[in-house]
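Participant: Sharing a structure below in structure tokens format, with a few things to ask.
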Amino acid sequence: MNEERQYENCRLCPRRCGANRLRGEKGFCGETASLRIASASLHHGEEPPVAGKRGSGAVFVSGCNLGCAFCQNFQISQQGLGRAVSIDEFAAICLALQENGAENINIVTGTHATPTLVRGIAAAKASGLTLPVLWNSSAYENEDTLALLKDVVDIFLPDMKTLDSETAQTFFNAPDYPEVAARAILTMLNMTKRLSYAHEDGEKMLSGVVVRHLVLPGRLDSTRAVIEWFAENAQDRALLSLMTQYTPMGVRTPARYVDQTEYETLLTWLDEFGVDGFYQELSPDREWLPDFSRFNPFSSELSTPVWHFLR
Ligand code: SF4
């Protein structure tokens, strides 16, 4: 199916809204057929082999097809910050990241714009982009949409948010998330080469899959299920990244940070299941909360801005 038709009766993601995005209709993701970007920067807060020495070239796409109640990027995922860019401008943003030393191009939450982003990446490569391309997504994705990324993406960085349907319904109104995400991650594992690095010390990742899981305070059973699923399905083929940066965001979400007792329990479970990967240090403050209305949405330690939608 050509790209235009894919936006005409949009079924690109499991929401299957049927919106005619070509005519300016918006589905659950809040986006028409125009690709919109909010920010691009060298990001130092990703996992060590993703951030490398000089930072991951993060491109933050506006809109989102999942809409988590606790999203830290809600200004761009749910409130519409960003502006439309052409394919050529997208390619220029990627090249600017490369010129500024990015280790890779890290496309954040682009599921709803997959066909356009595939064209954008191809245009960037045709203009001299040589960096690995990384797809950073919620994993709430259809297999046939993911298939468009074959031969275009080198590294997948999917979330596995939960395997509990009630949690998925409560926080992102998607009770089918567990089965969809599990299938999507297995598809990604089959689509990419095995884990590989530019250096023997594992410093710079060139291909593979890193599965991310954000720990929700008070819902550790959900995390245990994810660690167990990873051990059974992806261990030896991927890395697990446990994120403990959850920040209270409003009345519908847990009102506290992950505490020390929960944190120690998590580390025990990683040992119990023999899971290899990354885990964040506890940081019970708002350090991770970006403000995308600023040229640098993050702290200067976390990010070096390269492009912003207001400039
Ligand atoms: S990509 Fe957007 S419009 Fe298309 S099905 Fe998903 S949420 Fe609906």
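Participant: Does region 224-232 contain at least one residue that is in contact with a helix residue (DSSP H, G or I) (Cβ under 7 Å, 6 or more places away or on another chain) and of a type outside the set (A, V, I, L, M, F, W, C)?
Facilitator: yes
Participant: OK, next. Do we find a residue being assigned to a helix (DSSP H, G or I), aliphatic (A, V, I, L, M) and within 21 Å of F309 (Cα to Cα) anywhere in region 27-42?
Facilitator: The answer is no; no qualifying residue exists.
Participant: Exactly one condition in (1) touching a helix residue (DSSP H, G or I) at 6+ places or on another chain (Cβ under 7 Å); (2) assigned to a loop (DSSP other than H, G, I, E, B) is not met by V211; state its number.
Facilitator: With respect to (1) touching a helix residue (DSSP H, G or I) at 6+ places or on another chain (Cβ under 7 Å); (2) assigned to a loop (DSSP other than H, G, I, E, B), V211 is out only on (2).
Participant: Looking at region 149-162 only, could you name the residues that are buried (at least 19 other Cβ atoms within 10 Å of the Cβ) and free of Cβ contacts under 8 Å to residues at least 60 places away in the same chain?
Facilitator: L149, V153, D154, F156, P158, D159, listed by residue number.
Participant: Would you check which residues across region 1-27 are more than 6 Å from the ligand (Cβ to nearest atom) and touching a residue at least 40 places away in the same chain (Cβ under 8 Å) and list them?
Facilitator: Selection gives E3, Q6, Y7, P14.
Participant: Quick one: count up the residues across region 28-58 that are more than 7 Å from the ligand (Cβ to nearest atom), touching a helix residue (DSSP H, G or I) at 6+ places or on another chain (Cβ under 9 Å) and either among the hydrophobic types (A, V, I, L, M, F, W, C) or more than 16 Å from F298 (Cα to Cα) (or both).
Facilitator: 11
Participant: Only one of (1) in contact (Cβ under 8 Å) with a residue 60 or more places away in the chain; (2) under 22 Å from K53 (Cβ atoms); (3) buried (at least 24 other Cβ atoms within 10 Å of the Cβ) fails for N100. Which number is that?
Facilitator: (3)
Participant: Something else: Taking region 87-143 on its own, how many of its residues are more than 16 Å from the ligand (Cβ to nearest atom) and either of a type in the set (S, T, Y) or touching a His at 6+ places or on another chain (Cβ under 8 Å) (or both)?
Facilitator: Residues flagged as more than 16 Å from the ligand (Cβ to nearest atom) and either of a type in the set (S, T, Y) or touching a His at 6+ places or on another chain (Cβ under 8 Å) (or both) within region 87-143 amount to 3.
We did not get these values from a lab; they are worked out from the coordinates using the rules stated. Since the model is a prediction, treat every value here as computed from it, not as a measurement. Neighbour counts run over all protein chains shown; Cβ positions are idealised from the backbone, glycine included.
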